[in-house]
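For reference, the structure discussed in these notes is given below.
The values are calculated or read from the model by the stated rules, or taken from the named source; none is laboratory data. Predicted model only: the values in this text are computed from it and were never measured. Glycine also receives a Cβ, built like all others from the backbone with ideal geometry; neighbour counts cover every protein chain displayed. Keep in mind that these areas ignore ligands, DNA and RNA; they rest on the heavy atoms of the full protein, side chains included. Shrake-Rupley method; radii C 1.70, N 1.55, O 1.52, S 1.80 Å.
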Protein chains: 2
Amino acid sequence: MRLTAKSEYGLLAMIDLACRIDQGPVSAREISDRQGIPAKYLEQLFVGLRKAGLVGAVRGAHGGFALERPATDITVLDVVEALEGSLRPTVCDGDRAAVCGRGDACAAAGVWDRATSAVREVLDSTTLASLARAQEVLDESGAARGPVER
Amino acid sequence: MRLTAKSEYGLLAMIDLACRIDQGPVSAREISDRQGIPAKYLEQLFVGLRKAGLVGAVRGAHGGFALERPATDITVLDVVEALEGSLRPTVCDGDRAAVCGRGDACAAAGVWDRATSAVREVLDSTTLASLARAQEVLDESGAARGPVER
DNA sequence: TGAAATCATACTGTTTTGGTAAGGATTCCA
DNA sequence: TGGAATCCTTACCAAAACAGTATGATTTCA
């Protein structure tokens, strides 16, 4: 169970797309500028997102990416697993269970499973739509107070 | 937020200790044999556990380690944080929040926070006492069915 | 055709991980 | 008193993961 920059960048990019669903394809370059994500790195992330069926790509000039499903049907878990692989316990999974020589008869394994399930539940119950809406509200109130300090 | 072999090994060792509270100090060597943990690596882990006040050490021949508090007062979170440091989101924490240039005005940050809180809650609501008890039950039923296959 | 954009693959410097090595310090027991 | 057992400390190391960069091919529009 690991959450790295891939998840962070990927989620920012997906929220960005969700905020612009009716504007046609959005280029990776545009998103990388807006979100402060290294351009070439973001390109790689979009490969994963596309292969997972979360975004569609339009190649060539004026191309870009767009959500392939409604934002209400894409969860944060979808994004994370597209980029980081299946979200399993990093400890005591698969072969590692053999470490303690107990297999199923290991009391510790249950704790890691419950922790992973708890994360999955949080990520799976949050949709891109709700995050995009929240971000728009934040942007509006921020704009009302003036530009963001950097 | 990362759970590595340190947490897995450390928790196994602590459960081992909790199952032997009334037997005086238990040596690292003994635990490493029983749990299949590299001996010298386990020694390092005990340094962290001792500095966190979770175990007490007795040096010299017939020395070893013992729980410093009742097993009912030690949670899995205590063990994990003693070994891995404070359990915070690995994404969008501290300086990383500056990545998106939004600071507090970032909708994504809330998701990572909720995920981390969910893990903390699971780990903090599980005590060594309950795990030790569960392990003893598993060991008994396993012993009744014969030796564990390896 | 040329610019804009995705797609694919390979490379790289840094950090983390999961140990190992070597020896020192302390305590018990014969 | 001298081992032997045990914890303590520090240093070292190889492999993997991470966070990008680099290069170039391919596709599309104007």
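Measuring between their Cα centroids, region A:1-68 and region B:1-21 lie 40 Å from each other. Carbon-plus-sulfur accessible fraction, chain A (probe radius 1.4 Å, protein heavy atoms only): 49%. For B:Ala52 and A:Ser141, FRET efficiency with R0 = 45 Å and r from the beta-carbon atoms, rounded to 0.05? FRET efficiency, A:Ser141 to B:Ala52: 0.60. Counting only DSSP H runs of at least 4 residues, each contributing -39500 (n - 2.57), and dividing by the residue count of the protein assembly as shown, the helix-based mean residue ellipticity at 222 nm comes to -16500 deg cm²/dmol.
Among B:Arg59, A:Arg114, A:Arg88, the order of accessible area from largest down is B:Arg59, A:Arg88, A:Arg114, computed with a 1.4 Å probe on protein heavy atoms.
Sorted from nearest, the other copies put their A:Val58 label points 7.5 nm away, the label point being 7 Å from Cα in the direction of Cβ. Taking a straight line from the alpha carbon of B:Lys51, these lysines sit under 23 Å away, with near neighbours fewer than eight places off in the same chain left out: B:Lys6, B:Lys40. With all protein chains kept in place, the per residue accessible area of region B:5-144 amounts to 47 square angstrom at a probe of 1.4 angstrom. Across all directions, the shadow cast by the convex hull of region A:33-85 built on its C-alpha atoms averages 4.2 square nanometres.
With viscosity 1.567 mPa s and temperature 4 °C, the Kirkwood radius over alpha carbon pairs of region B:1-136 converts through Stokes-Einstein to a diffusion coefficient of 80 µm²/s. Distances from B:Ala144 to itself in the other copies, using label points 7 Å out along the Cα-Cβ axis, amount to 6.6 nm in increasing order. Approximating the spin labels as points 7 Å out from Cα along Cα→Cβ, the B:Arg133-to-A:Glu84 distance works out to 3.3 nm.
Chain B against chain A buries an accessible area of about 3800 Å², both chains summed, 1.4 Å probe radius. Rounded to the nearest whole Hz, the Karplus-based 3J(HN,Hα) values (6.51 cos²θ - 1.76 cosθ + 1.60, θ = phi - 60°) of region B:126-143 follow the sequence 10, 9, 4, 4, 5, 5, 4, 4, 4, 5, 4, 4, 4, 5, 5, 5, x, 4, with x at glycine and proline. Accessible area of B:Cys106 (1.4 Å probe, protein heavy atoms only, ligands and nucleic acids ignored): about 10 Å². The mean sequence distance of close C-alpha pairs (under 8 Å, at least 6 residues apart), as a share of the length of chain B, puts its relative contact order at 28 percent. Peptides A:69-80, A:131-142 ranked from most to least packed by the mean count of surrounding Cβ atoms within 10 Å: A:69-80, A:131-142. For the rotation carrying A onto B, the chain A residue whose Cβ lies nearest the axis, with the distance in whole Å, reads A:Ala118, 2.
With the convex hull of its Cα atoms as the shape, the protein assembly as shown has an orientation-averaged projected area of 18.9 nm².
Sorted shortest first, the separations between the A:Glu84 label point and its copies elsewhere in the assembly read 1.1 nm; each point sits 7 Å from Cα along the Cα-to-Cβ line.
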